[in-house]
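These notes are about the structure you will find just below.
The values are calculated or read from the model by the stated rules, or taken from the named source; none is laboratory data. Please read all numbers here as calculations on a predicted model, not as lab measurements. For neighbour counting, all protein chains shown are included, and Cβ atoms are generated from backbone atoms with ideal geometry for every residue, glycine included.
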Amino acid sequence: MSGQRSVATRQVLRWIRVVVAVLVSGCALVGAVRLMVPATGGVDGEPAGVRGQLAFIRGALNEGAGDEAQQQFPEGYFFLHALYGLSWVELGMREPAGEVRDEAVREAEWALGRLDSDAGRAAFSAELTPSYGVFYRGWTNWLRGGTLMLRPDGERDAARVRRFAADSASLGAAFDGAESPYLTAYPGQAWPVDSTVAVASLRLHDTLLPARFAGTVERWLDGVRQRLDPRTGLLPHRVSPGTGAPVEVARGSSQSIIQRFLVEIDPAFAREQYTLFRDRYVVTPLGLGPTTREYPEGMDGPADVDSGPLPLGVSLSATVVTLGAAQVAGDASLAEGIANYGELLGMPVSTPWTKRYAFGLLPIGDAFVAWSKTARPWVAEPGEPPPAHLSPWWRLPLLTVLLLLGAAPWLPALPRRYRRRAAGRE
């Protein structure tokens with residue numbers, strides 16, 4: 001009887017090993033597929049899975065994810081709604097008419113309404129110039145202009161057009177009246193990335209409505225060129241609120257957003273800045289996938305709420321946003337590379353209706369991914385793509401690792417099979 005139990009136990013253990021081996025090999029195969037299958041739609045196509053992400057985000061927002069995000073990040077409530085609305089604008093721009101366009105208009109305007117509320121303004125000061133600061137006013141103005149872009153000229157609500165014109169005029173007057181090109185986002189604090197978004201919204205105004213801010217934009221660009229970060233030649237991360245003088249080196253978490261918007265303001269200057277950024281910040285640690293450093297190569301610094309943790313100096317949030325920056329810059333190979341690397345490491349979970357990364361633990365992360373994957377220029381005409389930065393062979397080390405992982409569970413059985421076959425021949 002004990003012998004029979006011993007045989008049964010060995011059979012059970014053998015089947016457990018087979019099941020584990022199949023699971024490990026299956027996971028390795030799925031990883032290889034995610035690494036190879038195109039994960040972005042470019043500036044014209046729709047990225048697979050983005051609508052599922054937006055369905056997940058909307059459900060999370062309905063359950064209070066905005067308030068939860070505000071507890072985790074200084075602008076968590078704002079960013080989660082803003083990026084949700086902007087991603088719908090991006091999808092709507094890919095559809096000239098129909099149900100998708102109608103849904104995009106409805107959802108983008110819903111998100112804008114949540115920002116244009118007491119809850120949306122709660123983190124900002126009404127005493128700043130412009131009121132509530134350049135961060136709040138710039139991002140909301142960009143989204144407001146985006147909602148107008150989704151409607152033909154004859155179908156735009158007159159009140160919404162007047163509001164966009166008035167908010168743009170307020171921003172323009174604030175820039176014209178400031179010594180620095182960088183307005184304050186919070187009392188006594190200024191970050192160039194916030195003003196970059198706001199100035200891009202003025203360029204969007206001049207695309208949708210009669211132009212009036214060309215002089216403001218040119219003065220802003222002149223001021224920016226005079227105040228670049230001396231270490232990198234890029235827009236600095238943080239500046240003195242009075243003069244705009246750099247006080248902190250350019251960092252990946254803000255640069256990735258700057259590069260997303262700068263092309264809308266001045267494509268030639270943006271191309272120069274993007275190349276500098278890419279060469280100093282985009283790296284492949286351990287020879288694996290493309291990522292974005294928080295600090296330039298050769299320099300390390302502390303992590304904070306903007307960068308998140310910095311394993312090997314890499315910011316995951318900056319890497320995600322760099323995907324969108326690369327896409328609007330025409331750097332398709334880098335955008336696709338980051339997207340595929342994210343599909344491998346982001347552990348996406350899909351259902352017939354939704355898709356979420358990292359098991360949906362941080363909806364704001366999904367919002368950044370969706371916004372980045374749908375990136376396209378709104379104002380600028382597509383220019384000549386920059387020279388390729390990412391090697392076409394970058395996937396090879398990862399595929400090798402996945403091959404070894406997939407084969408490893410089966411390797412111990414090979415010597416046993418060889419011995420059995422040798423014994424049978426004898």
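Looking at Asp167 and the list (1) surrounded by 15 or more Cβ atoms within 10 Å (Cβ to Cβ); (2) of a type outside the set (A, V, I, L, M, F, W, C); (3) touching a residue at least 40 places away in the same chain (Cβ under 8 Å), which single condition is not satisfied? Failing condition for Asp167: (3). Consider Ala119 carefully, then state whether it is more than 23 Å from the chain's Cα centre (by Cα) and assigned to a helix (DSSP H, G or I). Answer is yes for this residue. Restricting Leu143, Leu128 to residues that are within 19 Å of Val193 (Cβ to Cβ), among the hydrophobic types (A, V, I, L, M, F, W, C), over 20 Å from the mean Cα position of the chain (by Cα) and surrounded by 16 or more Cβ atoms within 10 Å (Cβ to Cβ) narrows the list to Leu128.
Out of Arg212, Arg203, one residue alone is among the basic types (Lys, Arg) and without any contact (Cβ under 8 Å) to a residue 60 or more places away in the chain. It is Arg212. Taking the stated definitions as given, is Gly244 closer than 24 Å to Ser87 by Cα, touching a Phe, Trp or Tyr at 6+ places or on another chain (Cβ under 7 Å) and buried (at least 22 other Cβ atoms within 10 Å of the Cβ)? No. When the stretch 267-303 is filtered for residues that are buried (at least 21 other Cβ atoms within 10 Å of the Cβ) and of a type in the set (Asp, Glu), only Glu294 remains. Here Arg101 passes the criteria (1) more than 30 Å from Glu68 (Cα to Cα); (2) among the charged types (D, E, K, R); (3) modelled with pLDDT under 95 except the one numbered (1).
Just need a number here: residues in the stretch 13-54 that are of a type in the set (Gly, Ala, Ser) and closer than 23 Å to Ser333 by Cα. Give the derivation first.
First, the residues of the stretch 13-54 that are of a type in the set (Gly, Ala, Ser): 21, 25-26, 28, 31-32, 39, 41-42, 45, 48-49, 52.
Next cut, closer than 23 Å to Ser333 by Cα only: 31-32, 39, 41-42, 45, 48-49.
Total satisfying the criteria: 8.
Can you confirm whether Leu390 is closer than 30 Å to Arg17 by Cα and either of a type in the set (D, E, K, R) or at pLDDT below 90 (or both)? Criteria not met by Leu390. Only residues that are farther than 14 Å from Leu204 by Cβ and not in a helix (DSSP H, G or I) were counted in the stretch 122-150, giving 11. Annotation note: of Pro47, Pro74, the sole residue that is outside any helix (DSSP H, G or I) and within 30 Å of Tyr132 (Cα to Cα) is Pro74. Looking only at residues in the stretch 170-197 that are crowded, with 23+ Cβ neighbours inside 10 Å and of a type in the set (S, T, N, Q), the one that is farthest from Thr129 (Cα to Cα) is Thr196.
Residues that are modelled with pLDDT of 95 or more, touching a strand residue (DSSP E or B) at 6+ places or on another chain (Cβ under 7 Å) and part of a helix (DSSP H, G or I) within the stretch 255-303 comprise Ser256, Tyr281, listed in sequence order. Residues in the stretch 112-141 that are of a type in the set (D, E, K, R) and either closer than 19 Å to Leu83 by Cβ or free of Cβ contacts under 8 Å to residues at least 60 places away in the same chain (or both): Arg114, Asp116, Asp118, Arg121, Arg137.
Checking each residue in the stretch 327-336 for being crowded, with 23+ Cβ neighbours inside 10 Å and under 21 Å from Arg51 (Cα atoms) picks out Gln327, Val328, Ala335.
Quick grid of which residues meet (1) at pLDDT below 95; (2) farther than 21 Å from Arg238 by Cβ; (3) not in a helix (DSSP H, G or I):
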{"position": "Gly154", "(1), (2), (3)": "yes, yes, no"}
{"position": "Val161", "(1), (2), (3)": "no, yes, no"}
{"position": "Ala166", "(1), (2), (3)": "no, yes, no"}
{"position": "Gly172", "(1), (2), (3)": "no, yes, no"}
{"position": "Pro181", "(1), (2), (3)": "no, no, yes"}
{"position": "Ala198", "(1), (2), (3)": "no, no, no"}
{"position": "His205", "(1), (2), (3)": "no, yes, no"}
{"position": "Gly215", "(1), (2), (3)": "no, yes, no"}
{"position": "Trp220", "(1), (2), (3)": "no, no, no"}
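Within the stretch 59-77, one or more residues are crowded, with 19+ Cβ neighbours inside 10 Å, at pLDDT below 95 and within 15 Å of the chain's Cα centre (by Cα). In this structure, Leu143 does not qualify as farther than 18 Å from Ala169 by Cβ, at pLDDT 95 or above and not basic (Lys, Arg).
No other residue among Gly342, Gly383, Gly365, Gly406 is farther than 18 Å from Ala270 by Cα and either at pLDDT below 85 or exposed (fewer than 15 other Cβ atoms within 10 Å of the Cβ) (or both) apart from Gly406. Checking each residue in the stretch 198-223 for being β-branched (Val, Ile, Thr) and buried (at least 24 other Cβ atoms within 10 Å of the Cβ) picks out only Val199. In the condition set (1) touching a residue at least 40 places away in the same chain (Cβ under 8 Å); (2) in a strand (DSSP E or B), Val247 is compliant with all but (1).
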